[in-house]
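Each reported figure results from applying straightforward, stated rules to the coordinates on display, with no laboratory input. Values in this document were obtained by computation on a predicted structure and should not be read as measured data. A quick note on method: Cβ atoms are made from the backbone with ideal geometry, for glycine too, and the neighbour counts reach across all protein chains shown.
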Amino acid sequence: MGRLAGKVAIITGAARGTGEETARRFAAEGASVVLADVLDALGESAAARIGGGAAVYRRLDVTREQDWAEVVAFAEARFGRLDVLVNNAAILHMAPIETTRLEDWHRVVEVNQTGPFLGIRAAIDPMRRAGGGSIVNIASLDAMVGLDRFGAYAATKWAMRGLTRCAALELGELGIRVNTVCPAGGSDEMAAPFRPPGVDPVAYVAGRAIPRRASLAEIAAMIVFLASDESSFCTGADFPVDGGATAGTVLAAKPKR
Ligand SMILES: NC(=O)c1ccc[n+]([C@@H]2O[C@H](COP(=O)([O-])OP(=O)(O)OC[C@H]3O[C@@H](n4cnc5c(N)ncnc54)[C@H](O)[C@@H]3O)[C@@H](O)[C@H]2O)c1
């Protein structure tokens, strides 16, 4: 409790899933949180469930410059400062490269790659005024390996790791740290529309040292750490929450049912 006391955070994509869980954890640790999303009804009720005046929902389409200006101004006006930005909002498009339409590619890039760029840019001035800050970019295991049919999505998540490094180098002198979380897991809603027949989710994780997906709580715990002063010497880095997926493969692993 209190690890984020006094801090003010904007979390994108916070109407559900990882973003919602992170907002809940942030508030429990003493932060004031702006939950930002395009799913207004879900976002409003997520903020209401957190309650206590520490959480408020605000509509933000991460692809719109004007929305970013408004949400950042709102956070400062409502809570007096901005210390933390979690670039969590993203979309998935799952298709082989051969059949990925240009418009699908552009949409994924716009939300997953341009959105975080606009967010980082919009957060610099308020974080400068606050005397520093922490920006946490939520990438994926797919930012560290490849996966068939994830070409558009994985390309944006790899790009996020590059953007993180450049931003960390540029913003270090302002006391702004920038890091990436690479989870092997998240909400079921994201992949649900694409789940193709024949993909066995148990077999998919079987070769990991810890053969399962990350829970939302495990991902949020890493985000809390990076948002807090406990990670004061961490910047420009990737933080996997992947049960050892990037360590290698356990050959003897058998799917557990
Ligand atoms: N779900 C997974 O299996 C998984 C795995 C690894 C990494 N991730 C990453 O974790 C993060 C959180 O995803 P999740 O698992 O909670 O999925 P999710 O689909 O439940 O959450 C994503 C949120 O982003 C919001 N969003 C989409 N487009 C937006 C836009 N233009 N502006 C503002 N908000 C927008 C959605 O409305 C949604 O609430 C994402 O960055 C995702 O890429 C997810």
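Computed quantities for the displayed model
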| quantity | calculated |
| --- | --- |
| Calculated P(r) tail over 34 Å for the chain, as whole % of Cα pairs | 14 |
| Scattering profile of region 106-257 at q = 0.10, 0.19 Å⁻¹ [log10 I(q)/I(0), Debye over alpha-carbon scatterers] | -0.39, -1.21 |
| Pairwise label distance in nanometres, residue 170 with residue 188, each label 7 Å out on the Cα-Cβ vector | 4.0 |
| With eigenvalues of the C-alpha gyration tensor scaled by 5 and rooted, region 121-192, Å | 28, 13, 9 |
| Sum of side-chain charges, residue 56 neighbourhood, beta-carbon under 10 Å (Lys, Arg +1; Asp, Glu -1) | +1 |
| Förster radius 45 Å - calculated FRET efficiency between residue 103 and residue 78, Cβ distance, rounded to 0.05 | 0.80 |
| Leading residue at positive end of dipole, region 125-206 (Cβ point charges), from 175, 190, 143 | 175 |
| Net charge of Cβ neighbours under 12 Å - reference residue 160; Lys, Arg +1; Asp, Glu -1 | +1 |
| Rg followed by Dmax, in Å, when region 212-257 is reduced to its Cα trace | 14.1, 41 |
| Two-site FRET efficiency, residue 234 against residue 200, from Cβ-Cβ distance with R₀ of 35 Å, rounded to 0.05 | 0.45 |
| Segment residue 91-residue 147, length gained on full extension (0.36 nm per residue, minus Cα span) | 18.6 nm |
| Percent RCO, i.e. relative contact order, over the chain, from Cα pairs under 8 Å lying at least 6 residues apart | 19 |
| Potential extension, residue 249-residue 117 segment - 0.36 nm per residue separation minus Cα distance | 44.2 nm |
